[in-house]
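What follows is a single structure, written as structure tokens, with notes after it.
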Amino acid sequence: MLAIKLQRIGRRHQPSYRIVVAEKRSKLKSPPVADLGAYDPVTKQATFDPAAAMHWLKVGARPTPTMHNLLVKAGALNAPKVKIKMKAKPASAEAPAGDAVPVETAPETAANETAVAEEKSATGEVSESAPETA
């Protein structure tokens with residue numbers, strides 16, 4: 001399957017990308033099917049031929065999420081931007097996955113306050129609002 005994607009060509013700490021049409025699972029440095037333009041992430045400027053991009057989309061090439069957003073920004077694609085999913089960080093060695101620390105949130109309504117109070121009493125925690133009896 002063909003994909004419209006970014007191919008990094010910049011030096012270390014100086015990123016620069018080519019906008020290419022290549023096989024979806026091809027190697028990073030493999031020769032592309034077509035070269036459409038360039039993208040500079042430092043200046044956030046993309047220079048490419050929107051007509052060529054639309055041709056490859058009609059042929060069946062699928063843009064990666066980043067390229068989809070660049071095509072929308074350039075006006076070549078009339079669609080909403082796609083939210084890019086980030087990979088989850090691995091669990092740290094300090095806290096194993098089974099010992100998850102609960103996150104306290106601020107209750108929004110009185111019903112939520114009573115549910116939080118009931119949960120704290122069930123776990124043995126002392127409520128801050130209730131006076132302690134001796």
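The values are calculated or read from the model by the stated rules, or taken from the named source; none is laboratory data. Since the structure is predicted, the reported quantities are computational estimates derived from the model, not experimental observations. All Cβ positions, glycine included, derive from the backbone under ideal geometry; neighbour counts span all protein chains shown.
Please specify each residue of region 6-56 satisfying the condition of being modelled with pLDDT of 90 or more, basic (Lys, Arg) and surrounded by 10 or more Cβ atoms within 10 Å (Cβ to Cβ). Listed by number, the residues that qualify are ARG8, ARG18. Quick one: in region 10-24, of everything that is part of a loop (DSSP other than H, G, I, E, B) and touching a residue at least 12 places away in the same chain (Cβ under 8 Å), which residue is nearest to LEU57 (Cα to Cα)? The extreme case among them is LYS24.
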